[in-house]
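Structure, as C-alpha cells:
What follows is calculated from the coordinates using simple rules that are stated; it is not laboratory data. A quick note: this is a predicted structure, and the numbers were derived from the prediction, not measured. Here Cβ is always computed from backbone atoms with ideal geometry, including for glycine, and neighbour counts include all displayed protein chains.
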Amino acid sequence: MNSTSTQFAVQTNMIYETIHQVGMWGDFKVDGFLNTSSPLILDVETQLGNQSEDSSHGTVGGSLKYDQEGSKPVDKVLRRLAQNREAARKSRLRKKAYVQQLESSKIRLLQLEQELERARQQNQYASGGIDVSQLGYTGNLKPGIATFEMEYGNWVEEQNKQTTEMRKALQSHIGEIELRILVDCSMRHYFDLFRIKANAGKTDVFYLMSGVWKTAAERFFLWIGGFRPSELLKILTPHFGQLTDQQQAEAGNLQQSCQQAEDALSLGMEKLQQILAETIATGQLGEGNYLPQINAAMEKLEALVRFVNQADHLRQETLQQMSRILTTRQAARGLLALGEYFERLRALSSQWSSSPCESA
Amino acid sequence: MDKVMRLASENGLVIFSKSSCCLCYTVNILFSELGVSPYVHELDQDPEGKDIEKALIKMGCSAPVPAVFIGGKLVGSTNEVMSLHLSGNLMPLLKPYYSFN
C-alpha cells in the first residue's frame with residue numbers, strides 16, 4: 001500500500017543523499033552502508049587529514065626535531081616522503097572501496113527503482129502520498145537510462161585508464177607504431193561514447209540534454225548534451241606541440257568551420273524551443289483541457305533527438321578531422337591533454353561537492 | 001522525382017525543407033553564414049510535397065529533410081553538409097553561388 005511505496009522512496013532518497021555526500025573517497029563500513037548517516041564520512045576524512053599533521057609533532061618526529069642543523073632537513077624530507085606514500089596508499093584503498101560501493105549501490109538502486117515503479121503503478125500518488133518528484137529522476141527513470149548510467153560509468157573508468165597509459169607512453173618515448181595503436185584506441189573510445197549516447201537518446205533525450213549524467217563542473221559547460229567542440233579545440237591547440245604552417249592553417253579553418261556549425265545548431269535549437277513553447281501554449285491557457293497540445297508537443301520532441309545526434313556527429317567529425325591534420329605524436333599529446341582536462345573537471349566537481357556548505 | 005531534379009538543376013543551390021523542421025532551419029542559417037542564399041523549397045507548402053518526400057527517400061535521404069542539392073547533385077542531409085564543412089570541402093562547392101552584397 002502507500003507505506004510500502006513510501007519505504008522504497010525513502011530508501012532510494014537515502015542512497016542519493018549518501019552518494020552525494022561521499023564526494024571524494026571516504027572510509028565507510030561495508031555492511032552499514034545503506035543505513036549509514038552522512039557525518040561518518042566527513043569525520044574520517046578529517047581524522048586522516050589530522051594524522052599526517054600530528055605525526056610531525058608526535059613522538060616519532062619529536063626526537064628528530066632537535067637534531068643537528070645539517071641532518072634536520074633530510075630527515076624531514078624522508079619523513080614527508082613516507083607520509084606521502086602512506087597517504088597515497090590510503091587514498092588508493094579508499095578509492096577502491098568507494099568504487100566497489102558505487103557498483104553495489106547502482107545495483108541496489110536499480111532494484112529499488114523497479115520496485116518503486118511497480119508500487120507506484122499499484123497506488124494512487126495523487127491522493128496525498130509522498131512526492132516522488134523530490135527524488136529527481138528516479139520517479140520517471142526510463143529503463144534504458146539505468147543501462148546508460150552503468151555504461152557511462154564504465155566508460156569514464158576506461159577513459160581514465162587510457163589517459164594514464166597515454167601519459168606513460170609519451171613520457172617513455174615509445175615507437176610510432178605503438179603510439180598509433182594507443183591513439184586509434186583512444187579515438188574509438190570517444191566514438192563508443194557517442195554510440196551509447198545515441199542509444200540513450202532514443203530512450204530519454206531530456207535526460208541526455210540535462211547533463212545530469214555528468215559531474216557538476218562538466219555540466220557548467222554543457223552544450224546540446226555534451227561538450228562544445230570549438231571550445232575544446234581552443235583549449236587543446238597549445239598542447240599539440242609545434243605545428244607546421246599548413247597544419248596551423250588547417251586547424252584554424254577547422255576551428256572556424258566548427259564554430260559556424262555550432263552557431264547554426266544553436267540557432268536551430270532556439271527555433272525548436274520557440275516552436276515547442278508555441279505548441280504547448282496554443283488554445284486557451286487556463287481552460288484545463290490540454291491533451292491535444294501535449295500530443296502535438298510529443299511529436300516535436302522527436303526533433304530534439306535529431307539535434308542531440310547532430311551535435312554528437314559534430315563532436316565526432318571534429319575529432320576525426322583533427323586526427324587527420326595532426327601527426328601521431330601530436331594527436332597523442334592532444335588526446336592526453338583532452339583526457340586530463342576532463343579528469344580535472346571531474347576532480348573539481350568532487351572537491352566542490354565534498355567542501356563544507358555555506359550556511360543557508 | 002522529375003520535379004526534384006528540375007528544381008535542383010534550375011537553381012544551383014537547393015534545400016528541400018519543411019517550415020516546421022528546425023534542422024532545415026539550421027542548414028539554411030549555416031549557408032547564410034557562409035555567404036550564399038539557397039533556394040528553399042518547403043514541402044509542407046507544396047501540394048506535391050508528399051511525392052517529393054518519397055522521391056527524396058528513394059534517392060537516399062532518410063530524413064528526408066533537409067535535402068541539399070549543389071549544382072544539381074544531391075549532397076545529402078545535415079550530416080553530410082556538416083562533414084563537408086569541417087573537412088573544408090563545402091566552401092569550394094559553394095564558390096559559384098556567392099551573393100556579392
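For the pair A:ALA277 and A:LEU301 in one chain, pulling the backbone fully straight at 0.36 nm per residue adds 7.5 nm over the alpha carbon distance. For the pair A:LYS95 and A:SER210, label points projected 7 Å from Cα toward Cβ lie 3.0 nm apart. Go ahead and collect, in residue order, the members of segment B:1-24 whose backbone nitrogen is under 19 Å from a label point 7 Å along the Cα-Cβ direction of B:LYS54. Within reach of a label on B:LYS54: B:1-7, B:17. Sorted ascending by nearby beta carbons within 10 Å, beginning with the fewest, A:MET298, A:MET150 become A:MET298, A:MET150. Restricting the calculation to alpha carbons of segment A:266-360 gives Rg and Dmax of 21.9, 64 angstrom. Under 5 Å from the amide H of B:GLU42 lie the amide H atoms of B:SER17, each residue being 5 or more positions distant or on a separate chain, with H modelled from the backbone and absent for Pro and chain starts.
Rounded to the nearest 0.05, the FRET efficiency derived from the C-beta distance between A:ILE107 and A:ILE294 at R0 = 35 Å is 0.50.
Its residue count N sets the reference 2.2 N^0.38 Å, and the alpha-carbon radius of gyration of segment B:14-83 equals 1.01 times that reference. Cα centroids of segment A:212-252 and segment A:97-112: 33 Å apart.
Kindly identify segment A:202-360 as rounded, prolate or oblate by the Cα gyration tensor criterion: order the square roots of the eigenvalues as a ≥ b ≥ c, call it rounded if a/c is under 1.5, otherwise compare a/b with b/c, prolate if a/b is larger, else oblate. The shape class here is oblate. The stretch between A:ARG180 and A:ASP263 holds 26.6 nm of extra length on full extension. This uses 0.36 nm per residue minus the Cα-Cα distance.
With a simple spin-label model that places each label point 7 Å from the Cα along the Cα-to-Cβ direction, the separation between A:GLN242 and B:TYR98 comes to 3.5 nm. For the set A:LYS168/A:LYS202; A:LYS142/A:LYS214; A:LYS197/B:LYS58; A:LYS234/A:LYS300; A:LYS197/A:LYS300, the pairs lying more than 27 angstrom apart at their alpha carbons are A:LYS168/A:LYS202; A:LYS197/B:LYS58; A:LYS234/A:LYS300. Karplus-based coupling profile of segment A:172-177, in residue order and whole Hz: 8, 6, 6, x, 4, 5, with θ = phi - 60° in 6.51 cos²θ - 1.76 cosθ + 1.60 and x standing for Gly or Pro. Along its principal axes, segment A:70-118 has C-alpha extents of 73, 11, 5 angstrom, given from the largest down. A simple spin-label model places the labels of A:TYR341 and B:ARG6 5.1 nm from each other, with each point 7 Å out along Cα-to-Cβ.
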